[in-house]
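Engineer: Below you'll find the structure I mean.
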Amino acid sequence: MNAVRRQDGELWMEGVRLTEVAERFGSPCYVYSRAAIESAWRAFDDALAGTEHLICYAVKANSNLAVLGILARLGSGFDIVSGGELARVLAAGGRPERVIFSGVGKGEEEIRAALAAGIRCFNVESEPELERLDAVAGGLGRRAPVSLRVNPDVDARTHPYISTGLKGNKFGIAHDRALAAYDLAASLPNLDVTGIDCHIGSQILDMAPLEEALERVLELAGALAVRGIPIRHVDLGGGLGIRYREEEEALDIGRWCRAVAARIAGTGFSLVLEPGRAIVGNAGALLSRVEYLKLDKGKRFAIVDASMSELIRPALYEAWHGIEPLATLDRPAADYDVVGPVCESADVLGTGRRLAIAPGDGIAILSAGAYGMVMSSNYNSRPRPAEVMVDGARSVQVRPRETVAALYAGERTLDQAAT
Ligand code: LLP
């Protein structure tokens, strides 16, 4: 469900008009709904009520402390991919024993920090990583809980840039090497083999590939038990797709969770899931303002004050985000390419959008709560936007807009560095 709705010609999030948010906090700015985040997380948790489980929110989707804090209060776990994300989770009140650490390139320092914090599990992606983890744990006199991320070689049927479960992908350990990798893990003195995991891609709208991956993982788990390497949990990653456009149907969270719960009932495994986008994607929007309307060789451009620096998904993945005026006003409607001020032809937020807008009008770029702010950059020396959390009738700034001075505060000219 999208957290943004139109009522009496205005866009609202919970009890707050988005025009008011743009006026108070400036443009562009990211805005999120607490109620939408909580309700998406609960959809997972409720559907798994009868199954031993842990929902580990994928921090990479949106790592603002306010988002993490809301989830920590619900009792969420967290899936991290860096020492930076671990620090954020702890700063937001997340419990280390509910943290799992994914990613192909964990550094020694990051491993040390995670062991010191006492995280629940490392999702290991290669044999050399097993050896490093064993060595670092040994050095600290600890044992590291591990799960191996296996690559089930299943086509997630999503955009190739966000598909991760196919052979030839950098992620995970190939299915046919998995048992040998588990033998290695079991032989290393400072590792505790506790689970198995996979993640086949993101924005998956079809349940079939997820079910296929589940079968392959369960088959491996069975083979491990026979080998005398029993595991305790199965982690199916994230990847559940959300509705970006009307003709799309989101993957039903409740349906997927109930299907998994039914399938693993009786196996004795507990379940871990790592959803990111499904929790925050439709809980957020990027607010922007029309700067100019430009007519060029019959093509109309709406040049707005947000860009690929703030939201790179359309440029990077040809992703489609809804774009709507904050208020329905009496303007002539036309088809626009909505573009930003950045000096790149790829700086497009949407093409061929029918919009009734004029310069100065506010617009919302919808479904921008996941992989929006976290992937933003300062390209063209653009300060990152403010972030705002709506909670009922109030809106709270949870990160201020960056200042231009802060962008180069640590830099020096050679002359300055010499003095
Ligand atoms: N677990 C692992 C190991 C992952 O690699 C990911 C996402 C997730 C969980 C969470 O997946 P989700 O539930 O959000 O689909 N920047 C891209 C998406 C990249 C996803 C990377 N991995 C985008 O904007 O579409």
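Engineer: Among 207, 103, 113, whose Cα projects farthest towards the positive end of the dipole of region 103-273, with charges put on the beta-carbon of Lys, Arg (+1) and Asp, Glu (-1)?
Structural biologist: 113
Engineer: I need the GluC sites (Glu not before Pro) found in region 38-147, filtered to DSSP loop residues with at most 15 other beta carbons within 10 Å of theirs.
Structural biologist: 52
Engineer: Moving on to the next point. Using θ = phi - 60° and the Karplus curve 6.51 cos²θ - 1.76 cosθ + 1.60, what whole-Hz ³J(HN,Hα) does each residue of region 389-399 get, with Gly and Pro shown as x?
Structural biologist: 10, 8, 9, x, 9, 10, 10, 10, 6, 10, 6
Engineer: 5 Å is the cut-off here: which amide hydrogens, built 1.01 Å from N in the peptide plane, fall below it relative to residue 4, excluding neighbours closer than 5 in sequence?
Structural biologist: Amide H neighbours of residue 4, under 5 Å, 5+ apart: none.
Engineer: Let me ask something else about it. Whole number in Å², please: accessible area per residue of the chain, 1.4 Å probe, ligands, DNA and RNA not counted.
Structural biologist: Heavy-atom SASA per residue in the chain reads 43 Å².
Engineer: Compare the Cα positions of 151, 264, 363 along the charge dipole of the chain (+1 at Cβ of Lys, Arg; -1 at Cβ of Asp, Glu; about the Cα centre) and return the one farthest towards the positive end.
Structural biologist: 363
Engineer: If you restrict to DSSP beta bridges whose two residues both lie in the chain, what percentage is antiparallel, to the nearest 5?
Structural biologist: So the antiparallel bridges amount to about 50 percent of the total.
Engineer: Given charges of +1 on the Cβ of Lys and Arg and -1 on the Cβ of Asp and Glu, with all other atoms neutral, how large is the dipole of region 253-357 about its Cα centre, in debye to the nearest 20?
Structural biologist: Charge dipole of region 253-357: 480 debye, to the nearest 20.
Engineer: What FRET efficiency comes out for the pair residue 335/residue 417, r = Cβ-Cβ distance, R0 = 41 Å, nearest 0.05?
Structural biologist: Here the calculated transfer efficiency is 0.20.
Engineer: Around residue 368, under 10 Å between beta carbons, what's the net of Lys plus Arg minus Asp minus Glu among the other residues?
Structural biologist: 0
Engineer: Roughly what % antiparallel, to the nearest 5, for the DSSP beta bridges in region 103-273?
Structural biologist: Counting only bridges with both partners in region 103-273, antiparallel ones make up about 5 percent.
Engineer: Residues with beta-carbon under 11 Å from that of residue 77, excluding residue 77: net charge, scoring Lys, Arg +1 and Asp, Glu -1?
Structural biologist: That sum, taken over residues with Cβ under 11 Å, equals -2.
Engineer: Further, regarding this structure: So if I place +1 on the C-beta of Lys and Arg and -1 on the C-beta of Asp and Glu, and nothing else carries charge, what would the dipole magnitude of region 103-273 be about its Cα centre? I want it in debye, nearest 20.
Structural biologist: In total the dipole reaches around 460 debye.
Engineer: Then there's this: Could you work out how much longer the chain between residue 229 and residue 343 gets when fully extended? Use 0.36 nm per residue separation minus the Cα distance between them, nm to one decimal.
Structural biologist: 35.5 nm
Engineer: Can you show me the helix-derived [θ] at 222 nm for the chain, built from DSSP H runs with n ≥ 4 at -39,500 (n - 2.57) apiece and divided by the number of residues, rounded to the nearest 500.
Structural biologist: The per-residue figure over the chain is -8500 deg cm²/dmol.
Engineer: Okay, moving on. Where the only charges are on Cβ atoms (+1 Lys, Arg; -1 Asp, Glu), what is the dipole of the chain about its Cα centre, to the nearest 20 debye?
Structural biologist: Charge dipole of the chain: 520 debye, to the nearest 20.
Engineer: Once neighbouring chains are kept in place and the probe is 1.4 Å, which whole percent of the accessible area of region 172-256 is contributed by carbon and sulfur?
Structural biologist: Carbon with sulfur: 48 percent of the solvent-accessible area.
Engineer: Quick one: which residues, 5+ away or cross-chain, put their amide H under 5 Å from the amide H of residue 58? H built at 1.01 Å from N.
Structural biologist: 79, 276
Engineer: Cα atoms only, the chain: Rg and Dmax in Å?
Structural biologist: In order Rg, Dmax, the Cα atoms of the chain give 22.8, 71 Å.
Engineer: Quick one: if the Förster radius is 30 Å, what FRET efficiency do residue 379 and residue 206 give, using the C-beta to C-beta distance and rounding to 0.05?
Structural biologist: It comes out at approximately 0.30.
Engineer: In region 1-160, what percent of the accessible surface is made up of carbon and sulfur (1.4 Å probe, ligands and nucleic acids excluded)?
Structural biologist: Roughly 48 percent, rounded to a whole number.
The values are calculated or read from the model by the stated rules, or taken from the named source; none is laboratory data. Quick caveat, the model's predicted, so the values are computed rather than measured. Methodologically, a virtual Cβ is constructed for each residue, glycine included, from the backbone with ideal geometry; neighbour enumeration extends over all protein chains shown. Heads up: the accessible areas ignore ligands, DNA and RNA and are worked out on the full protein's heavy atoms, side chains in. Shrake-Rupley method; radii C 1.70, N 1.55, O 1.52, S 1.80 Å.
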